[in-house]
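Notes for the one structure printed next.
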Amino acid sequence: MRSTPLHPVARLPEEWSTSLAARGERSFTAKQVFHWIHRRGILDPAAMTNLPARLREHLAAEGLGEVLTPERVHRSEDGTRKLLLRLRDGATIETVLLPSVSGPGSQAQLDADAAAADDDEDDDAEAGAAPRVRVTQCISTQVGCAMGCGFCASGVAGLKRHLGAEEIAGQVLLGRAMLEEGEDLRNVVYMGMGEPLHNYENTARSLRLLTHPEGINLSTRRVTVSTSGLVPEIARLGADFGGQIALAISLHAADDETRSALMPINRKYPLDELLAALRAYPLPRRRRITIEYTLVAGQNDDPAEARRLAKLLRGLPVKINLIPMNPIEASSLGPPAQERVAAFQEVLTQAGYSCFVRRRRGDDVSAACGQLVLLGAKPKVRRALG
Ligand code: SF4
């Protein structure tokens, strides 16, 4: 039972049907309202010109309107745009647009493949397709984060609050409206500020909104939820969406001691439980789980750890993204040398895994993973591991 009324932007078409039928509106009006919001991205009832005036007034009285306002856009030299967004209560979050020119074999394409959902390989076969700029959007699910991972800026100030489904989906509505000429919104990754599965209800509702055929209609295989490893919610996501939502796991270590030091959540859900949850995830055929592994110099970058990782993941349909840690002010930890990264990758490739090194994007605007820091949060130096 919801304690607060559902925001109009968070309503699904069937919920609009129920609420508008109760007001005596005609049956197709529900679809019209949903179209205005989620297909056309118009949140101002006054602009919904095909609706009767009394309904527009009712929608305004219900609070339909912008849920977040762009305050600043930081543009990186590599084209990455970080948007600082202000919520209605004054809190700020960030979302990141990562453009990449498509085209078989291009570095940008490889980068997008590594950063986003699985299986872009299928689409690279599109014969003679004109190069387009594919955009991956990284979205936030909480203001701050409670998980406290040692290499991540988002957890510095702790959790302030969950985002509503309207604020999660609203980031994509806004991101889509801010695309530039020739750009297509291709993938959405729940990898920004916050742990999506810690805010399960709103995350699940936003997934239904974003993939609804009457709305933005994103393909489920182009939407990736990334988690630090909340085992019960991984099972719930799998059951609620039949395994259709792409899953990424922030693993970052192949043994419990190292992982618990980097990620406190591992004390609650150790590796054997997490791996069991991944084996049980009802993944469709030919799809893979993405394993995110941030390489932190001197902590988890030893070739022996790569061998442990290869053993740990044996038999699971995965691809592995290696991410040299992005330097953040809040931590004394840093990335390994390039040769060390290459050696780690080689072990995994030799073991038969698809393994990518993710190029750091948007470093100059602090837009890369683990850098979505709360503005005004006071950085503290996290202890080194070991
Ligand atoms: S890595 Fe993800 S789960 Fe961990 S603190 Fe950062 S935002 Fe939270």
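Any read-out appearing in this document is the output of simple, stated calculations on the displayed coordinates, not a laboratory observation. Fair warning: this is a prediction, and the values are worked out from it, not measured in the lab. Positions of Cβ are backbone-derived with ideal geometry, glycine not excepted, and every protein chain shown enters the neighbour counts.
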If I model a spin label at GLU15 and GLU201 as a point 7 Å from the Cα along the Cα→Cβ vector, what separation in nanometres do I get?
1.0
Taking a virtual spin label 7 Å from the Cα of ASN50 along the C-beta vector, which residues in the range 1-43 bring their backbone nitrogen under 17 Å of it?
13, 17, 26-43
Using a simple charge model, +1 on the beta-carbon of Lys and Arg, -1 on the beta-carbon of Asp and Glu, nothing else, what dipole does the range 131-229 show about its Cα centre, in debye to the nearest 20?
200
Determine the alpha carbon to alpha carbon distance for each of LYS31/LYS160; LYS268/LYS319; LYS82/LYS311; LYS82/LYS160 and list only those over 27 Å.
LYS31/LYS160; LYS82/LYS311
With r defined as the distance between the Cβ atoms of ARG359 and ARG267 and R0 fixed at 45 Å, what FRET efficiency is calculated, to the nearest 0.05?
0.90
